[in-house]
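Student: To start, I am sharing the structure in question, which I have written as structure tokens.
The values are calculated or read from the model by the stated rules, or taken from the named source; none is laboratory data. Worth saying up front: this structure is predicted, and the values here are computed from it rather than measured. So basically every Cβ, Gly included, is an ideal-geometry build from the backbone, and we count neighbours across all protein chains shown. The accessibility values were calculated without ligands, DNA or RNA, using every heavy atom of the protein model including side chains. Shrake-Rupley method; radii C 1.70, N 1.55, O 1.52, S 1.80 Å.
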Amino acid sequence: MGFIAFLKTQFIVHLLIGFVFVVSGLIINFIQLCTLVLWPINKQFYRRVNCRLAYSLWSQLVMLLEWWSGTECTLFSDEATVNTFGKEHVIIILNHNFEIDFLCGWTMTERFGVLGSSKVLAKRELLYVPLIGWTWYFLEIVFCKRKWEEDRDTVIEGLKRLADYPEYMWFLLYCEGTRFTETKHRISMEVAESKGLPKLKYHLLPRTKGFTTAVQCLRGTVSAVYDVTLNFRGNKNPSLLGILYGKKYEADMCVRRFPLEDIPQDEKEAANWLHKLYQEKDALQEMYNQEGVFPGQQFKPRRRPWTLLNFLFWATVLLSPLFTFGFGVFASGSPLLILAFLGFVGAASFGVRRLIGVTEIEKGSSYGNQEFKKKK
């Protein structure tokens, strides 16, 4: 094991990376709070500023994927589709099977210049998570309780507010509503059978309300829907902790572009279109499992240096005073100061671990079991 590989496995290094991310995130959140005064003066300027502030935070996670772990992301698509990336407003549909599926999506948005302006339809619980939810609030992310009767007006209002967004945005939808597990899949297929829908092997039954509403509200703004099917070579199941330990993965992403005018305007027909799309996604996964590749040309967009430079900037700004302070504490010989400093380190470690826990599949929501409860 080389020295760099050894460093990647050390807890103290992970703690320092976490410290930089958390403290820089709190600073960024505070700056975002201050930018609220810009909204009534110049809404579009407020949005552009917050896109760059969000980029400064999220790109640190992308840096871990691209530079720290060296994970490779390969696109399977066609040249005409790839040439549209970063040049139009789009809705992204991504399968929700892996802990770092969002991070693979982010690395693509970064390489095509839309990371800071990327959007997602997120569960409302995330709004109260420091850094993640707070940053998303200032980015006008659409939050929902995943109870359509309560969400309808909020979601429609949030989507319509994005109609004049000044930066090209990729609006991510996890139509399955929750991460794939065997239990949720079994329950989902029972629901599919009860509704007379074809069963899926690798996906949960898609929830159509969010998709059809997004398509209706963003017509005239969004140009296309990108369907993205993600898998990892070697049947790997990567995690954010694995990335933090420097494990390298190989992600393959099949991307298909559907012009928005090809998607039916009628809600029921649009829902049927989505169900058919997921049947096609299932077939793509089956092909990948059998052949090890997706159909289409292979593209490997080059990683950009900005994520690394941004992290090095924050590390320089934040770690220098931390080391100076820590040295002063231990040099003082004061047991009280030393204990207080160690307590701070322990609290920081706990906080970082809790943030990582948000991405873990076993810590995911119980959404997906609700239909089973109704049946019972």
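Student: Arg304 to Lys147: FRET efficiency via 1/(1 + (r/R0)^6), r the Cβ-Cβ distance, R0 30 Å, to the nearest 0.05?
Tutor: About 0.15, to the nearest 0.05.
Student: Further, regarding this structure: Order 54-67, 217-230, 11-24 from most to least packed using the mean count of other Cβ atoms within 10 Å.
Tutor: Peptide ranking by packing, descending: 54-67, 217-230, 11-24.
Student: Going 7 Å from the Cα of Leu26 toward and past its Cβ, which residues in the stretch 46-60 have a backbone nitrogen under 18 Å from where you end up?
Tutor: The answer is 57-58.
Student: Percent antiparallel among DSSP beta bridges with both residues in the stretch 72-302, to the nearest 5?
Tutor: Roughly 40 percent of the DSSP beta bridges within the stretch 72-302 come out antiparallel.
Student: A further question on this structure: In the structure shown, do any of Lys145/Lys209; Lys276/Lys300; Lys119/Lys201; Lys123/Lys147; Lys119/Lys209 have a Cα-Cα gap over 21 Å, and if so which?
Tutor: Lys276/Lys300; Lys119/Lys201
Student: What are the principal axis extents of the Cα atoms in the chain, in Å, biggest first?
Tutor: That works out to 72, 54, 49 Å along the principal axes.
Student: Using 0.36 nm per residue, how much length does the chain from Phe325 to Ala163 gain when fully extended, once their Cα-Cα distance is taken away?
Tutor: Result: 53.6 nm gained on full extension.
Student: At q = 0.17, 0.20, 0.21 Å⁻¹, what is the log10 ratio I(q)/I(0) for the stretch 83-162, with the Debye formula run over Cα points and no solvent?
Tutor: Taken in order of the listed q values, log10 I(q)/I(0) reads -0.79, -1.07, -1.16.
Student: How large a share of the accessible area of the stretch 96-173, in percent, is made up of carbon and sulfur atoms when the probe is 1.4 Å and the other protein chains stay in place?
Tutor: 54
Student: While we're looking at this one, here's another question. Which value at 222 nm does the chain reach when only helices count, each DSSP H run of 4 or more adding -39,500 (n - 2.57), with the total divided by all residues and rounded to the nearest 500 deg cm²/dmol?
Tutor: Calculated at 222 nm, the ellipticity per residue is -16500 deg cm²/dmol.
Student: Could you do me a favour and compute the accessible area per residue for the chain, 1.4 Å probe, result in Å²?
Tutor: Each residue of the chain exposes 48 Å² on average to a 1.4 Å probe.
Student: What nm distance separates the two modelled labels at Thr316 and Glu72, each placed 7 Å from Cα along Cα→Cβ?
Tutor: Reported label-point gap for Thr316 and Glu72 is 3.2 nm.
Student: Can you compute the FRET efficiency between Asn272 and Gln44 using 1/(1 + (r/R0)^6), with r the Cβ-Cβ distance and R0 = 56 Å? Round to the nearest 0.05.
Tutor: 0.90
Student: With an 8 Å Cα cut-off and a minimum separation of 6 or more residues, compute the relative contact order for the chain in percent.
Tutor: 27
Student: Anything over 31 Å Cα to Cα? Flag those among Lys87/Lys184; Lys199/Lys268; Lys43/Lys184, in the order listed.
Tutor: Long pairs (Cα-Cα over 31 Å): Lys87/Lys184; Lys43/Lys184.
Student: DSSP H helices in the chain with Cα extent of 24 Å or more along the helix axis and mean Kyte-Doolittle hydropathy at least 1.0?
Tutor: Helices meeting the span and hydropathy rule in the chain are 11-34, 306-332, 335-357.
Student: How far apart, in nm, are two points set 7 Å out from the Cα along the Cα-to-Cβ line at Ala347 and at Cys34?
Tutor: Rounded to a tenth, the inter-label distance reads 2.4 nm.
Student: Sticking with this structure for a sec: Most mobile of Thr307, Thr35, Thr208 per a Gaussian network model of the chain (Cα springs, under 10 Å)?
Tutor: Top of the fluctuation ranking is Thr35.
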